[in-house]
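Engineer: Dropping the structure in here first, questions after.
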Amino acid sequence: MSEAASTPLQLDIEMPSAVFQSAGATTPSYSGGPWHKGDSVEANMLLRNIGELDGRVRLVLSTSTSTSEGEWVEMAQGAAGEISASLQFLASGETSLTWTLESDDGVFDGIDNGSTSFVIKQQQSVQIAFVDVNRTEDAELSLTLHLDLDEGKERDVRLQVGYESGGSTVFLQENDLRLQEGRLELTFLFGDFEADKLVAQVAPLNWLIGPGPLAATSSLPSDDTQFWMEFSATTDPIRPIEGEETTVRLTFQQTGPLQEAEGEVWLMDAYGTRLAKVTSPDWDGASAATLDVVVVWPKGSSVAIQALWYVDGAVLSAETTYVSGEVVIESSGEWPIGAMFWGLALGAGVALVLRIRARKEEESDTKPSGKSTKEKTASKPLSTSQEKREVSCPECNRRLRVPVDYGGSVGCPDCAHKFKVEPERTEEPAEEEDDDLEIEVQPVSKAPVSEKIEISCPDCAQTLRIPSSYEGSVRCPACTKIFKAHEGKQAS
C-alpha cells in the first residue's frame, strides 16, 4: 500500500442478491379472532422479490413466552408470494406480539419488523347435561341434552352419546357440531337396550377448552326419581327476634331421571302454626335448586321449623331448629318523678313514727342510795425476802448460796453430797394500814318526761297525741295528710 494512501478506507461493492419488499401492506394481517387463551393467531404478508437473484424469506412471530417460525417461501427474481406464520396464545390478558422478516440469501427494502397488542380472553367452557329421559309410546328411549357454550367465538366439538354396561361404554351416536355461544338442545331416539346408565360426552376440536365436566350420566327411565330437601344452617338475620321478617333458605334435590316436578311447600313451627306457603323453584335442567322463604319469626328462644313438600304424589318433610336473638329494651333517660316523691313521703312517714315511739319510751328510774359506798384499799409488802446467804458443804466445804428463808435439802454440785439447811429467822415489818378510801356513788337523776298534747288533722279533724315539745311533721293515719305540728288545732 502506498504511503500516500489514507485510512480507514471505505469501498462500496455491489453484489447481486435477492431483495424483498412489501407488495401491499407493510405489516402482516391477522385472522382467527377474537382470541381466547389457547387460541392461535394466523399472520400473513405479501412480498415481492425485486433483486437480481432468486431468494427465500419467512415470517417469525414471538411473544414473551413463545416463538413460532413460518415456512420458508422461495421467490424467483421478479416474483411475488405470500408468507405466513401461526402462534398459540398461552396466557390471558393483554399480550404484545412481535413479527420479524427473515432471509438467509437476501435483503429487505422497507420495514422488516414490528409489534401489535392483543387482548386475550379466558378459555371458553362447555357444559353438558341430560334434561329429560323417558320412553315413548313405541317403547323407544328418548334423550334430551343441553350443550351450553360460554360467551365468545363459535367452537367445533365432537359429541358422543351412548350407555355404560358391565364396566364398558358403548357409543350409539357420534356427531361433530359447531356451537355458538349460548345453549343448544338436542334430542335423540334409541331402541330398547339393557344398560346400567346413559352416558354423553363432548370433546373440543382444535381448540383449548376451559375447566368443567366434559361428560354427563343419567339413569334409565325404569329407575325412580328420588326427591329430598334440606334447611340452610343459618337464617338471615342469623339471630332473629320475635316478629322480625326472617329469610329461611331451602335446598331441593333429586336423583335418578331428572324431572321438572314442582309442588307446594309449607313451613310450620312446632305448634303447627303455618309460617309460609310457597311453590318449589324451577329445576332449570339441574338436579338441585334453592329457594329463599320470608317468614315472620315466631316466639321462643329456640324455634323448631318443619317444611312439608308436596311433590310427585308424595309428601316430603324436613325439620331443623334455629336459635332466636334477645330483645334489647332501652330505658329512657327520664327520672321517675312520681315514684321518687312517693318514696320520699313514705320514708319520711316511717321516720316520724319511729321518732314518736322513741319519745314515748321512758328511761328506767335509778333509785338513789342514802349511804355512801366505801371501798378500802391497802398495800402490803412481800412476805418473803429474796436475799441470799452462804452455806458450806459438810463433805467438800464448797460454798453454796441459798435464799435466807429456805429450809430443806441442798445438793452440792461438786461432790453430789446432800444435806439439810435451816432457814434464818427474819422479822417481818409490821403491816401498816392505810386510811380507808370512801367512794360515794351519786344517784342518776331522772330526765323529765314531756307532757302529751292533742292536735287535730287540718283535713279530716282526726285527733292525734304528740309530745308537747315536738315541732316536726306529723302524718295523719286516717287521711295520710302530712302537716306541721303547729298547724294542727289544739283539741279542747
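The values are calculated or read from the model by the stated rules, or taken from the named source; none is laboratory data. Note that this is a predicted model, so its numbers are computed, not measured. Note: ideal-geometry Cβ built from the backbone for every residue, glycine included; neighbour counts use all protein chains shown.
Engineer: Report yes if some residue within the stretch 73-96 is farther than 18 Å from Leu179 by Cβ, surrounded by 14 or more Cβ atoms within 10 Å (Cβ to Cβ) and acidic (Asp, Glu); otherwise report no.
Structural biologist: no
Engineer: Quick check: is even one residue across the stretch 97-113 at pLDDT below 95, in contact with a strand residue (DSSP E or B) (Cβ under 8 Å, 6 or more places away or on another chain), surrounded by fewer than 19 Cβ atoms within 10 Å (Cβ to Cβ) and under 23 Å from Leu205 (Cβ atoms)?
Structural biologist: No, the conditions are met nowhere in the stretch 97-113.
Engineer: Check whether at least one residue in the stretch 297-320 is at pLDDT 90 or above, outside the structural domain of Gly472 (by TED's automatic domain parsing) and not in a strand (DSSP E or B), and report yes or no.
Structural biologist: Scanning the stretch 297-320 turns up at least one residue that is at pLDDT 90 or above, outside the structural domain of Gly472 (by TED's automatic domain parsing) and not in a strand (DSSP E or B).
Engineer: So Val119 passes all but one of these: (1) out of contact with any Leu (no Cβ under 7 Å at 6 or more places or on another chain); (2) at pLDDT below 90. Which condition number does it fail?
Structural biologist: (2)
Engineer: If we scan the stretch 3-26, do we find a residue that is within 59 Å of the chain's Cα centre (by Cα) and hydrophobic (A, V, I, L, M, F, W, C)?
Structural biologist: no
Engineer: A follow-up question, please. Could you please give the count of residues in the stretch 147-170 that are over 46 Å from the mean Cα position of the chain (by Cα) and of a type in the set (Lys, Arg)?
Structural biologist: Going through the stretch 147-170 one residue at a time, the tally reaches 1.
Engineer: Right, next: Just one of Phe89, Phe108 is closer than 30 Å to Pro211 by Cα and outside the structural domain of Asp284 (by TED's automatic domain parsing); which is it? Before the answer, list the steps.
Structural biologist: On the way: Phe108 fails: closer than 30 Å to Pro211 by Cα.
On inspection, the qualifying residue turns out to be Phe89.
Engineer: So which of Asp312, Asp282 is out of contact with any helix residue (DSSP H, G or I) (no Cβ under 6 Å at 6 or more places or on another chain), within 30 Å of Leu184 (Cα to Cα), surrounded by fewer than 14 Cβ atoms within 10 Å (Cβ to Cβ) and among the acidic types (Asp, Glu)?
Structural biologist: Asp282
Engineer: Hey, another quick one. When the residues of the stretch 208-232 are filtered to those that are buried (at least 16 other Cβ atoms within 10 Å of the Cβ) and of a type in the set (Phe, Trp, Tyr), which remaining residue is nearest to Val293 (Cα to Cα)?
Structural biologist: My answer is Phe231.
Engineer: In the stretch 166-214, which strands (runs of 3 or more DSSP E) lie fully inside it and hold 3 or more residues that are among the polar types (S, T, N, Q) and either in the same structural domain as Leu145 (by TED's automatic domain parsing) or on the phi > 0 side of the Ramachandran plot (or both)?
Structural biologist: On the way: elements: 168-179, 182-190, 197-204.
Filter on the stretch 166-214 gives 168-179.
Engineer: Being at pLDDT 90 or above, surrounded by fewer than 16 Cβ atoms within 10 Å (Cβ to Cβ) and over 18 Å from His36 (Cβ atoms): is that true of Asn134 here?
Structural biologist: no
Engineer: Within the stretch 253-270, restricting attention to residues that are within 32 Å of the chain's Cα centre (by Cα) and surrounded by fewer than 16 Cβ atoms within 10 Å (Cβ to Cβ), which residue is farthest from Lys299 (Cα to Cα)?
Structural biologist: By that ranking, first place goes to Gln253.
Engineer: Hey, another quick one. Given the options Thr65, Thr95, Thr116, Thr144, name the one that is outside any strand (DSSP E or B), under 52 Å from the mean Cα position of the chain (by Cα) and among the β-branched types (Val, Ile, Thr).
Structural biologist: Thr65
Engineer: Output the number of residues of the stretch 217-250 satisfying the condition of being closer than 18 Å to Glu260 by Cα and either touching a residue at least 24 places away in the same chain (Cβ under 8 Å) or of a type in the set (Phe, Trp, Tyr) (or both).
Structural biologist: Count: 13.
Engineer: Select, from Leu147, Leu172, Leu189, the only residue that is surrounded by 13 or more Cβ atoms within 10 Å (Cβ to Cβ) and within 25 Å of Asp284 (Cα to Cα).
Structural biologist: Of Leu147, Leu172, Leu189, the one residue that is surrounded by 13 or more Cβ atoms within 10 Å (Cβ to Cβ) and within 25 Å of Asp284 (Cα to Cα) is Leu147.
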